[in-house]
Amino acid sequence: MAGNARILIVDQDLETKADLEKGLNRADIVVVGTAGYGAEALTLASELRPSAVVVGVEEPLPRALQTVESLADMLPNSPILVYSSLSDSDSARKAVVAGACDYLTKPLTVEDIATAVKRALVQQERRRALQNGGDTSELKGAGMIITVFGAKGGIGKTTVSTNLATALCSINAGSAVLVDVDTVFGDTAMMLDVPMEMSLIEAVNRAHDLNRDNISDYLTRHQSGVHVLPAPFEPMDWRSVDTAAVDKVLTLLAQTHDFVLVDCPATLTDLVAVALEKATVVLLLTSLDITSVKDTTTALKLLKAGISDDEKIRIVVNHATGADSVTEGDVSKVLRREVFWSIPHDSEIAASAQLGTPAVIDRPYSRVSRAIRDLAATLAGVEIQHSTNGHTNGDRAQAGLLTKLFGR
Ligand SMILES: Nc1ncnc2c1ncn2[C@@H]1O[C@H](COP(=O)(O)OP(=O)(O)OP(=O)(O)O)[C@@H](O)[C@H]1O
Ligand SMILES: [Mg+2]
């Protein structure tokens, strides 16, 4: 998608235009032209028919906004993105009223603009497909897709995804479904002790006639209320799985559940790529040993290059082993990202997994369970009150927190 993007840059400042052009080209976005405000911008837009336009808007606003408005009228199917040093809400509102679909405030990196352009183009393409009578399964689900990924085996991806799904149900945040896309070593069904009747592969094989009504036939209900779509029972070659079908399954689940948790293997397979791209949030897990941090650094680089919106990646430190060789501060420094969440070590957690009961049910007052319940509440935008004995009370999600965290 971004590889086909043809962008027009409109800015009065020659140096900014040149820097942005160089940077966007490096980000695999083809800049077909650059122009100043007014007639020059409109003439080039009419000749080049770019797939998106980025406009630098500065004082005096009226001329810049007039250009945005004229471009939006001329190119109704091309997103117009504005960047500006004006961070007040009034300027942003005026730009949106003029026809901008996004308003980015300086200081900005070229990557910020590239990410915003790619996101706008993905949205535009989806809407165009729908207008052209596309399958309604292309509609984005209302549910949130939370993809749990980590670059190393055994760092707690399945532990976190199963417990997080269970916690979302236990705090009444909404309905949750857990999907295992580890087609070789998937073990969510075992961790939750649910019967293995249907798996992701049965759903994928029937993708052509799957819909919102019959997707539930493929799900198994755990006693916590979590629905589970386990990995195939027989290990299979992930390269043979139709990724478009997996995409459809995830979309339908997001249309029928409030939360879709995707448990990934430690390798970047085609299926993982789908789960990462479709995610509302990616929880990128790392433990605190040097090899895990090194692998997470590589994974973060690959994810930033491979998915259209890397802002959705959140670093989660899971103290999977008792012995930490680096600190969370080190992780943050090396990855150049804040640690979003931290899950403490609990040597008893393995016993819960052996019993097929997630720790948040089996050991609800443990520090791990509290950390995961709090994570669930934060992601869902639900407030929970911890009483002194560790009990929690959940309320149905109040919109707001999610928006603050992820801007969605
Ligand atoms: N916070 C924690 N404290 C103590 N033990 C933990 C913690 N998180 C995970 N573990 C333990 O680490 C082991 C590996 O966990 P898990 O199977 O969830 O890892 P994974 O990343 O899904 O592994 P794989 O890559 O093989 O799928 C399990 O025995 C689990 O009980
Ligand atoms: Mg696992």
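Scan region 348-372 for residues that are modelled with pLDDT of 85 or more, more than 20 Å from Leu178 (Cα to Cα) and of a type in the set (Gly, Ala, Ser) and the total you get is 1.
Scanning region 322-355 for residues that are of a type in the set (Ser, Thr, Tyr), open to solvent by less than 60 Å² (accessible area, probe 1.4 Å) and within 9 Å of ligand 1 (Cβ to nearest atom) gives a single hit, Ser352. Selection over region 310-352 of residues that are in contact with a strand residue (DSSP E or B) (Cβ under 8 Å, 6 or more places away or on another chain) and either among the charged types (D, E, K, R) or not in a helix (DSSP H, G or I) (or both) gives a count of 16. Considering region 297-321, the residues that are away from ligand 2 (no atom under 16 Å from the Cβ) and farther than 21 Å from Arg119 by Cβ include one that is surrounded by the most Cβ atoms within 10 Å (Cβ to Cβ), namely Val317.
Determine, yes or no, whether Leu200 is open to solvent by less than 20 Å² (accessible area, probe 1.4 Å), within 16 Å of ligand 1 (Cβ to nearest atom) and farther than 17 Å from Asp362 by Cβ. When the stated conditions are applied, Leu200 passes them. Cβ separations smaller than 7 Å between residues 6+ apart or across chains give the following pairs from region 251-269 residues that are under 17 Å from Leu302 (Cβ atoms) to residues that are more than 12 Å from ligand 1 (Cβ to nearest atom): Cys264/Thr147; Cys264/Ala275; Leu268/Leu302; Thr269/Trp238. The residue that is surrounded by the fewest Cβ atoms within 10 Å (Cβ to Cβ), counting only those in region 46-64 that are under 22 Å from Val96 (Cα atoms) and more than 32 Å from the chain's Cα centre (by Cα), is Pro60.
The selection criterion, being touching a residue at least 40 places away in the same chain (Cβ under 8 Å) and either open to solvent by 30 Å² or more (accessible area, probe 1.4 Å) or over 24 Å from Gly174 (Cα atoms) (or both), does not hold for Glu277. Residue count for region 73-87 satisfying the condition of being open to solvent by less than 70 Å² (accessible area, probe 1.4 Å) and either closer than 16 Å to Ile9 by Cα or of a type outside the set (Gly, Ala, Ser) (or both): 10.
Residue pairs whose Cβ atoms lie under 9 Å apart, sitting 6 or more positions apart in sequence or on different chains, and linking a residue in region 1-21 that is within 18 Å of Asp309 (Cα to Cα) and modelled with pLDDT under 90 to a partner that is open to solvent by 70 Å² or more (accessible area, probe 1.4 Å) and part of a loop (DSSP other than H, G, I, E, B), are Ala2/Asp28; Gly3/Asp28; Ala5/Asp28.
The values are calculated or read from the model by the stated rules, or taken from the named source; none is laboratory data. In this text, all values refer to a predicted model and were calculated from it rather than measured experimentally. Note that we place each Cβ from the backbone using ideal geometry, even for glycine, and neighbour counts take in every protein chain shown. With ligands, DNA and RNA removed, areas are computed over all heavy atoms of the protein, side chains included. Shrake-Rupley method; radii C 1.70, N 1.55, O 1.52, S 1.80 Å.
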